Amino acid sequence: MAKGSIHISVDEQIQQLSHGAQDIHSLDGLKEKLALGRPLRVKAGFDPTRPDLHLGHVVLLRKLRQFQDLGHQVVFLVGDFTAQIGDPSGRNSTRPVPTREEIEHGARTYAEQAFKVLDPEKTETVHNSTWLEAMNFSDVIRLAGKYTLARMMERDDFQNRFAQHQSISVHELLYPLAQAYDSVAIDADVELGGTDQLFNLLVGREIMRDHGKAPQIVMTTPILEGTNAREENGRILGDKMSKSLDNYVGVAEPPLEQFGKLMSIADGVMWRYYDLLSVKNEAEVKALKAKCSEGANPRDAKLALAQELVAHFHSESAARDAQEQWIAQFSNRQVPESMPEVTVPLEQEAGMWLVRVLSKAGLAKSNADARRRVEQGAVHVDGTKVSDPSLELNAGTYTLRAGKRAWAKVTLTP
RNA sequence: GGAGGGUUGCCCGAGUGGUUAAAGGGAGCAGACUGUAAAUCUGCCGGUGUAUGCCUACAGUGGUUCGAAUCCACUACCCUCCA
C-alpha cells in the first residue's frame, strides 16, 4: 500500500499526466489534489465480461501506470455487480446478462493481463458488489432521486438509441449512478476512463458532491483506432479497436500474431500508435517521423514499434524471434518456422480426398470452402500448387497451405 | 388501456405468391500487386465428393395454396402515436 508523501513537483506531475490525456475536469482541481502531497486514489473500473485486453485498453493502463510511477495508488475496481446491468456506453442495444461464473473468470483473466502494465504493488483491487449488493430498494430510490431523466438523456448513446427507436431499459439508466456511487464508496480522488466514459465519470462528480465528498477529478484517454484504420489528410479514420470488429491486437496473443497485426496497420496510423502506446517520448517520435519523411522506409519504424510492444507483453527475445519469423514468412515468403501439426485418420484404404483433408485439418471451414480455395489457387502441397480439386492423398506427412496464413503439417494415418 | 408499424443470410438492407440460396452494400476468404496481413484490382462468399440433384434458411408455431420470405391465425420480441 502506498503511503507517505510525493516528492515530484506538482508542475512536473501535471506535465506528465496531462500528456496524451483527452479531457481533464478540471486541471485546477487536479493541481489542488496533487498539492496535498499524499498519494492520490486513482480509480479505474473495468468490465469483467470482456476479459480480453487489447491495445485500446493499454492506452488507459499506461496512464494509470504513470500515476503509479509518480507514487499514486490505483484502485482497480472490478465491476462484478454492474456487469449485471451492462454499461450502455457506446452500445446500441441492451446487453445480455452474464452469469456469476463468467464474471469471476473474466475478472481473473483481466487482472492477469492488466498487470502486464500495472504495478501490482501500487494497486488495490476492489469489487463493487461489496457495497452495491448491500443496497436495498430504498437506497436505490434515494440514489436515483439525485439525477433527472433529462440529464440522463443528455448522453449520446441514450439520445441516439432513443432517436433511432431502439429500446433502452430502465435499469440501464441506473448504470451511471451505480458507477458514480462506486466513487463515493472508495473515496476516489481521480477517476480515469476512455473518452466514451466521460458522461459516467462526470456523474460521479455530482453524486460525490451530493454525498458531501470532494468531487473526483475526471480524466479520459483517447480511444485507439483499430488495426484497419486509415489515415487521410492527417486524420485517422476507422472504428475503434474492438474484439467484435476483429481489428484488435490482444495483450495475451502470441508474439508472431501481435507482430503481424501491428505490421499490417497503415503507415499513417502507425504514428497514432506511437503516440498512444510507445514509451518513446514526443521528441523521439518526432525525430523518427522526420526521418521517414526524408526517405527512410516507414516499414523500419513499424518494425521498431512492433518490436517494442511485443517485447512489452512477452519478452525481448520473443520480440526478436517474432520479427525474424515475420520477415521470413511474409517478406520473403518462406515456409513458416512453426505451424500446427494435425493428424487425420484415413477413412478408407485408397487415399483421401484433398478437399476433405483440408477441412478435417481445420484449414477450411467446409468441403465447399476447401474446394473453393483449391480452385482459386491457394492450395499448396509440400510447396507445389495444386489446382485439381479431385486430387487424393495417400498416407504420409504433408505440409499443406490453403492461403497466406493457413498452414498445417498434416499426417494421414491409415 | 387503444391504434398502428416492424422482425430477411455474419452485419446493414432490397424483395408483397412461382423464374429467390434470396438484389445491393459492408465484413470475411482467395488470387494478383506491395516493404506490409495496408491501398487497389479480380474472383469467391449456406451445406452436401459437383448433383439441370438433395438438404437447410427469410423471428417461432400452425394454416391457405399445385407452389409462401411474400397471404391468414396465434405466440414472442422491438418501435411509434394516443391515454
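Determine if region A:169-182 includes at least one residue that is out of contact with any Cys (no Cβ under 9 Å at 6 or more places or on another chain), without any contact (Cβ under 8 Å) to a residue 12 or more places away in the chain and either in the same structural domain as A:Val42 (by TED's automatic domain parsing) or buried (at least 20 other Cβ atoms within 10 Å of the Cβ) (or both). Spell out how you get there, then give the answer.
Looking only at region A:169-182, we keep the residues that are out of contact with any Cys (no Cβ under 9 Å at 6 or more places or on another chain), and these are A:169-182.
Remaining after also requiring without any contact (Cβ under 8 Å) to a residue 12 or more places away in the chain: A:170.
Within this subset, residues satisfying the condition of being either in the same structural domain as A:Val42 (by TED's automatic domain parsing) or buried (at least 20 other Cβ atoms within 10 Å of the Cβ) (or both) are A:170.
The answer is yes; a qualifying residue exists.
For a quick check of your reading of the model, give me the residue pairs whose first member lies in region A:334-352 and is more than 11 Å from A:Ala395 (Cβ to Cβ), whose second is surrounded by 11 or more Cβ atoms within 10 Å (Cβ to Cβ) and among the aromatic types (Phe, Trp, Tyr), with beta-carbon atoms closer than 7 Å and at least 6 apart or on different chains.
Qualifying pairs under 7 Å: A:Pro336/A:Trp407; A:Met339/A:Trp407.
Go through region A:367-414 and report how many residues are part of a strand (DSSP E or B), more than 10 Å from RNA strand B (Cβ to nearest atom), under 21 Å from A:Gln334 (Cα atoms) and among the small types (Gly, Ala, Ser).
So the count comes out to 1.
Within region A:66-112, track down each residue that is at pLDDT below 85 and touching a Gly at 6+ places or on another chain (Cβ under 6 Å).
The one that is at pLDDT below 85 and touching a Gly at 6+ places or on another chain (Cβ under 6 Å): A:Arg95.
Which of the residues spanning region A:257-274 are near RNA strand B (Cβ under 8 Å from one of its atoms) and among the aromatic types (Phe, Trp, Tyr)?
Within region A:257-274, just A:Phe259 meets the criteria.
Just to confirm my filter: which strands (runs of 3 or more DSSP E) fall fully inside region A:212-287 and include at least 1 residues that are at pLDDT below 85?
In region A:212-287, A:230-232, A:235-237 are the strands (runs of 3 or more DSSP E) which contain 1 or more residues that are at pLDDT below 85.
Taking region A:137-151, which residues are modelled with pLDDT of 85 or more and assigned to a helix (DSSP H, G or I)?
First, the residues of region A:137-151 that are modelled with pLDDT of 85 or more: A:137-148, A:151.
Matches in region A:137-151: A:Phe137, A:Ser138, A:Asp139, A:Val140, A:Ile141, A:Arg142, A:Leu143, A:Ala144, A:Arg151.
If you go through region A:329-366, how many residues are in a helix (DSSP H, G or I) and either away from RNA strand B (no atom under 12 Å from the Cβ) or touching a strand residue (DSSP E or B) at 6+ places or on another chain (Cβ under 7 Å) (or both)?
4
Every residue in region A:2-50 that is at pLDDT 90 or above, within 30 Å of A:His105 (Cα to Cα) and over 24 Å from the mean Cα position of the chain (by Cα), please.
Hit for region A:2-50 is A:Leu40, nothing else.
Here is a check on your reading of the model: is A:Leu309 within 12 Å of RNA strand B (Cβ to nearest atom) and either at pLDDT 85 or above or among the β-branched types (Val, Ile, Thr) (or both)?
Working: within 12 Å of RNA strand B (Cβ to nearest atom): no; either at pLDDT 85 or above or among the β-branched types (Val, Ile, Thr) (or both): yes.
No; evaluated as a whole, the condition is false for this residue.
Could you say which residue among A:Ile217, A:Ile236, A:Ile265, A:Ile223 is β-branched (Val, Ile, Thr), more than 19 Å from the chain's Cα centre (by Cα) and surrounded by 13 or more Cβ atoms within 10 Å (Cβ to Cβ)? Give the steps one after another, and end with the answer.
Values: A:Ile236 fails: more than 19 Å from the chain's Cα centre (by Cα); A:Ile265 fails: more than 19 Å from the chain's Cα centre (by Cα); A:Ile223 fails: more than 19 Å from the chain's Cα centre (by Cα).
That would be A:Ile217, the only listed residue that is β-branched (Val, Ile, Thr), more than 19 Å from the chain's Cα centre (by Cα) and surrounded by 13 or more Cβ atoms within 10 Å (Cβ to Cβ).
The values are calculated or read from the model by the stated rules, or taken from the named source; none is laboratory data. Note that the structure is a prediction, hence the values are computed from the model and not measured. All Cβ positions, glycine included, derive from the backbone under ideal geometry; neighbour counts span all protein chains shown.
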